[in-house]
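Read the structure below first, then the notes.
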Amino acid sequence: MNEAAATRRLTVLLASPRGFCAGVERAIAIVERALESYGAPVYVRHEIVHNRFVVERLEAMGAVFVEELDNVPADAPVVFSAHGVAKAVVAEASRRKLLYLDATCPLVSKVHHEASRHHTQGRHVLLIGHRGHPEVVGTMGQLPPGAITLVETVEDAQAIEVPDAAKLAYTTQTTLSVDEAAGVIQVLRKRFPMLNGPKTDDICYATTNRQQAVKAIAPSADLVIVLGSPNSSNARRLVEVALAHGAGAAFLLSRAAELDLGLLDGVERLGITAGASTPEELVRELIEALKRRYAVEIEEVTVTKETTHFKLPRALAV
């Protein structure tokens with residue numbers, strides 16, 4: 001490292017809140033507590049949260065990640081991921097008499113309950129979300145086939161046909177871009193004036209807060225780095241939000257070792273945030289890597305303080 005590089009100043013705009021949310025903390029704690037209570041292996045259906053660093057750490061402790069219950073032995077405990085599962089998965093676990101623990105985020109469970117309530121009241125449900133995402137698969141699996149229609153984009157909202165416009169409701173994936181979802185909802189409400197919606201926004205508090213924090217740093221950042229895994233919906237949305245709100249550039253980074261320092265050429269003000277599935281350890285790792293090359297000055301930009309905490313399942317409570 002040459003002296004010029006070592007002394008070049010770099011201002012880091014550190015978004016807050018960032019990183020783990022209460023639902024992620026709860027899900028990880030459920031796996032950790034299950035390993036303590038039952039011993040290894042503990043099976044987990046789907047990645048507990050969308051972050052490879054977290055998954056690999058839990059694997060080292062004895063967690064075994066599988067995509068389907070067929071891969072879970074009859075005598076082993078299994079944890080359902082934070083994204084939630086379809087009713088058919090729970091029914092299959094019960095049929096096989098598996099010991100299962102549900103790590104579904106309570107805010108995702110709230111969406112499940114809303115969808116079920118609307119269905120019981122005779123409404124067709126429109127789910128705003130991204131096709132194939134585990135949370136969307138789980139939510140659609142709460143109701144019989146055909147009872148939910150997925151709406152991904154404004155274009156979908158403009159073209160969608162419904163069974164009865166007078167008996168219609170919507171709900172959303174919890175990790176969407178707040179602005180993107182608002183555009184879809186606006187179109188749906190214009191087309192279907194009798195559309196029922198949630199009493200409070202389905203997009204979770206943590207997703208909203210992290211997007212607001214990125215909006216606060218983006219206009220003055222030459223570049224925004226979002227720490228998170230490529231399959232993390234909320235992390236990818238942060239990149240989109242940064243670009244939409246004035247960042248000179250933005251990209252997703254799994255961890256510091258993957259950073260091409262050439263991308264920082266000409267960058268004087270660097271924004272950093274982390275998706276809700278990303279541990280703070282990876283933020284510290286990136287900042288330490290930057291300090292080895294630059295004279296780093298950190299400005300933490302805080303838009304709110306989070307105090308939400310979710311209890312563990314009764315079976316694991318101490």
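Bear in mind that the values in this text are calculations on the coordinates, not laboratory data. The shown structure was predicted, so the numbers you read here are calculated from the model rather than taken from an experiment. With ideal geometry, Cβ positions are generated from the backbone for all residues, glycine too; neighbour counts draw on all protein chains shown.
See the values below:
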read-out: Lys, Arg +1 and Asp, Glu -1 on Cβ, resulting dipole of the stretch 106-203 about Cα centre, debye, nearest 20; value: 380 debye
read-out: Summed side-chain charge close to residue 126 - residues other than residue 126 whose Cβ falls under 13 Å, Lys, Arg +1, Asp, Glu -1; value: -2
read-out: Magnitude of the charge dipole, the chain, Cβ model with Lys/Arg +1 and Asp/Glu -1, debye to 20; value: 880 debye
read-out: Selected from 303, 79, 136 as most flexible by GNM, with the chain as the system and alpha-carbon contacts under 10 Å; value: 303
read-out: Neighbour-limited loop hits for trypsin sites (Lys or Arg not before Pro), the stretch 27-113 (at most 12 other Cβ within 10 Å; DSSP other than H, G, I, E, B); value: 97
read-out: Cα-centre dipole for the stretch 22-102 with unit charges at Cβ (Lys and Arg positive, Asp and Glu negative), debye to 20; value: 220 debye
read-out: Alpha carbon Rg of the stretch 244-296, scaled by the compact-globule rule 2.2 N^0.38 Å; value: 1.15
read-out: Of 71, 234, 209, the one that fluctuates the most in a GNM where the chain has Cα springs shorter than 10 Å; value: 71
read-out: Separation in nanometres of the label points that stand 7 Å from Cα toward Cβ, at residue 307 and residue 252; value: 3.3 nm
read-out: The stretch 48-149: GluC sites (Glu not before Pro) in DSSP loop, at most 16 other beta carbons within 10 Å; value: 67, 68
read-out: Expected 222 nm ellipticity per residue - DSSP helices of 4 or more, -39500 (n - 2.57), all of the chain, to 500; value: -11500 deg cm²/dmol
read-out: Helix 233-244 vs. the chain, principal-axis angle (Cα, 0 to 90°, nearest 10); value: 50 degrees
read-out: Between the stretch 198-236 and the stretch 161-183, the alpha-carbon center distance in angstrom; value: 20 Å
read-out: Euclidean distance between Cα centres, the stretch 79-132 to the stretch 273-303, Å; value: 35 Å
read-out: Cβ-defined net charge surrounding residue 162, 15 Å radius [Lys, Arg +1; Asp, Glu -1]; value: +2
read-out: Cross-link pairs beyond the 31 Å C-alpha cut-off, checked among 167/311; 110/190; 199/305; 110/291; 167/215; 97/305; value: 167/311; 110/291; 167/215; 97/305
read-out: log₁₀ of I(q)/I(0) at q = 0.12, 0.13 Å⁻¹ - the chain, Debye sum with one point per alpha carbon; value: -0.86, -0.98
